[in-house]
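*Asks:* Take this structure, written in structure tokens, and hold onto it; I'll ask about it next.
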Amino acid sequence: MEARPTTATGPAPTPAAPELRPRRAGYRRLPVQQRREQLIAVALELFASRPPEEVSLDDVAEAAGASRPLVYRYFAGGKQQLYEAALRTAADELTSRFAVPLAGTPSEQLAAVLDGYFAFVAEHDAGYSALLRGGSVVETARTSAIVDDVRREALRRTLRHLGVRDAGPRLTLLVRSWIAVVEGASLSWLDEGRTLPVDELRDWLVDQFTAMAAATALHDPQTAGVLATLLALEGPQAPRAERLRAVLTVRAEVR
């Protein structure tokens, strides 16, 4: 057996093992596309919990278990590019919730779409508020264009739900105005701490559309025709059917 070296005071101490550099917690190598998607998902979570200007690249890197240089490797444009990528992903998710169910009356189908919309608003409340209000330091023409794309898609799908291929100016104005009402109601709902039950807010917005369509029908034959079709699909016992019938009667009397 080999003897251990000694000193004047006793055996020499055993040399310490070389210190290993700690690795970043949670770090693991991922394929390029998977890592990019992970960084966007993490950014979305952060932008959903705080206004975009309060989220830094360091915050994203830490939450993703990555380094700041790694984030720059995927988003050379820095925070602005990452924000736009996250915003586009959120916009795609939101528009996917515009899908209209096949079952139900027109008002029930519209209510189902609003349920999906408000589920998104609830999940991304801070980011949704900062986005729609504007004024964020990361807002640009490109981010505004992404939001406008969502509104155009909402317009297109609403008109398709109404069975309209070529909408006239009054019907288009009606739908655009109602979309603005939905956005404003969403922001107010968040500002008021979601005190109003979301199902009540949803039903109110469906009634808002009915009322706005009814007012437009008094001045626009195309909208009146759409309402007549909706009335037939709604069924005689549906809660909103009587209101629609009353409006169409008034329009007939005015003419």
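The values are calculated or read from the model by the stated rules, or taken from the named source; none is laboratory data. Predicted model only: the values in this text are computed from it and were never measured. Note: ideal-geometry Cβ built from the backbone for every residue, glycine included; neighbour counts use all protein chains shown. For accessibility, only protein heavy atoms count, side chains too; no ligands or nucleic acids. Shrake-Rupley method; radii C 1.70, N 1.55, O 1.52, S 1.80 Å.
*Asks:* Taking into account only those residues within region 185-230 that are surrounded by 15 or more Cβ atoms within 10 Å (Cβ to Cβ) and of a type in the set (Phe, Trp, Tyr), which is nearest to the chain's Cα centre (by Cα)?
*Replies:* TRP189
*Asks:* Take the residues in region 46-62 that are at pLDDT 85 or above and assigned to a helix (DSSP H, G or I), then tell me which one is surrounded by the fewest Cβ atoms within 10 Å (Cβ to Cβ). Full working, then the answer.
*Replies:* Initially, region 46-62 is screened for residues at pLDDT 85 or above, giving 46, 54-62.
Subsequent filtering for residues that are assigned to a helix (DSSP H, G or I) retains 46, 54, 57-62.
On the way: LEU46: 21, GLU54: 14, LEU57: 16, ASP58: 11, ASP59: 15, VAL60: 24, ALA61: 19, GLU62: 17.
Within region 46-62, the match that is surrounded by the fewest Cβ atoms within 10 Å (Cβ to Cβ) is ASP58.
*Asks:* Name every residue in region 175-224 that is assigned to a loop (DSSP other than H, G, I, E, B) and over 15 Å from ALA111 (Cα atoms), in order of residue number.
*Replies:* GLU192, GLY193, ARG194, THR195, LEU196, LEU218, HIS219, ASP220
*Asks:* Check ALA167 against each of (1) small (Gly, Ala, Ser); (2) at pLDDT 90 or above; (3) open to solvent by 40 Å² or more (accessible area, probe 1.4 Å) and name the one condition it does not meet.
*Replies:* (3)
*Asks:* Any residue at all in region 233-247 that is assigned to a helix (DSSP H, G or I), modelled with pLDDT of 85 or more and open to solvent by 20 Å² or more (accessible area, probe 1.4 Å)? Before the answer, list the steps.
*Replies:* Filtering region 233-247 down to residues assigned to a helix (DSSP H, G or I) leaves 233-234, 241-247.
Cutting the leftovers down to modelled with pLDDT of 85 or more gives us 233.
From what's left, open to solvent by 20 Å² or more (accessible area, probe 1.4 Å): 233.
So far as region 233-247 goes, yes, one or more of its residues are assigned to a helix (DSSP H, G or I), modelled with pLDDT of 85 or more and open to solvent by 20 Å² or more (accessible area, probe 1.4 Å).
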